[in-house]
Amino acid sequence: MIENTTRASYDAIAADYADFLANELDDRPVDRAMLAAFAELAGSGARVADVGCGPGRVTTLLHDLGLDAYGIDLSPGMLAVARKTYPHLRFEEGSMTALDVADAELAGLVAWYSIIHIAPDQRPAVFAEFHRALAPGAPLLLAFQIGDETLHVAEVLGHNVSLDFQRLRPERIAEELTAAGFAMAATLVRERIGRDRVQQALVLAHREA
Ligand SMILES: C[S@@+](CC[C@H](N)C(=O)[O-])C[C@H]1O[C@@H](n2cnc3c(N)ncnc32)[C@H](O)[C@@H]1O
């Protein structure tokens with residue numbers, strides 16, 4: 001099952017990955033602006049989930065923006081790093097394919113470079129799950145690399161892994177979100193910065209009220 005290899009791969013790279021990305025958002029004001037817009041739409045103190053949180057760098061930013069943010073991730077290794085780095089925040093093991101939240105429980109959901117690991121035929125079910133978990137009107141923010149291909153990667157930061165990275169088209173994601181019951185708010189195509197190999201998409205939507 002693909003989730004098992006994704007989990008094992010992120011377990012293997014967790015500590016090095018956290019160091020590698022540690023301050024990356026500091027140099028990405030446009031990305032932070034979209035996260036700030038998400039926070040404002042969710043509302044001060046809103047309970048929001050950072051799904052596929054990895055080392056928790058976005059979870060802590062959402063917390064600093066005044067949200068009641070917590071992280072969810074498939075990888076226990078990533079969660080261990082997140083809990084050690086941000087002991088004041090909550091991180092839970094789980095998959096975006098079956099979130100352990102009640103219907104309409106969340107006031108916002110961020111999936112920052114995590115739907116990239118979902119096979120295309122699984123995406124509608126994941127977007128349906130996001131829709132189920134969000135309250136009517138609540139915002140959803142997605143980040144991903146733009147493109148058409150699936151990259152299979154066998155080595156990351158010196159570790160053997162088996163990871164598929166789906167590059168995605170924002171127009172296609174907008175169609176799928178709309179079909180799942182979301183209203184589109186903004187699609188931002190950001191040019192490459194630093195290590196980026198391709199343009200990046202930041203997509204903001206909200207569950208239809
Ligand atoms: C590229 S990393 C991004 C991590 C974090 N959002 C960040 O930007 O630093 C992708 C993360 O998604 C997680 N992930 C992959 N598939 C998942 C799933 N089905 N449910 C929850 N998390 C998943 C991985 O374990 C990994 O931590």
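Worth a mention:
- Panel order for 146, 118, by other beta carbons found within 10 Å of each beta carbon, from fewest to most: 146, 118.
- On the beta carbon distance between residue 189 and residue 113, with R0 = 22 Å, the FRET formula returns roughly 0.90.
- Remark on residue 185: its backbone amide H falls under 5 Å from those of 204, 205, 206, a criterion applied only to residues 5 or more positions apart or on other chains, H modelled at 1.01 Å from N.
- 3J(HN,Hα) along segment 88-102, derived from phi through the Karplus expression 6.51 cos²θ - 1.76 cosθ + 1.60 where θ = phi - 60°, amounts to 7, 10, 9, 10, 10, 7, x, 10, 5, 6, 7, 6, 8, 9, 6 Hz, with x in place of Gly and Pro.
- Proximal charge balance of residue 134 [Cβ under 15 Å; K/R count +1, D/E count -1]: -4
- Each residue of segment 15-20 is assigned a 3J(HN,Hα), and the resulting list reads 5, 5, 5, 4, 5, 4 Hz, derived from the Karplus form 6.51 cos²θ - 1.76 cosθ + 1.60 (θ = phi - 60°), x at Gly and Pro.
- Summary value for segment 1-150: 24 percent relative contact order, contacts being C-alpha pairs under 8 angstrom separated by 6+ residues.
- Between the amide H of residue 161 and those of 155, 156, distances stay under 5 Å, these residues lying 5 or more places away or on another chain, with hydrogens modeled in the peptide plane.
- Residues with amide H under 5 Å from that of residue 47, placed H, sequence gap 5 or more: 68, 107
- Evaluating 6.51 cos²θ - 1.76 cosθ + 1.60 at θ = phi - 60° for every residue in segment 35-41, the Karplus couplings come out as 5, 5, 5, 4, 4, 5, 5 Hz, glycine and proline recorded as x.
- Divide the volume of the convex hull around the Cα atoms of segment 2-207 by the residue count and you get 105 Å³ per residue.
- Stretchable slack from residue 104 to residue 90, in nm (0.36 nm times residue separation minus alpha-carbon distance): 3.1 nm
None of the figures in this text is laboratory data; all of them are computed from the coordinates on show. Everything quoted here is computed from the prediction, not taken from an experiment. Cβ atoms come from the backbone with ideal geometry, glycine included; neighbour counts cover every protein chain shown.
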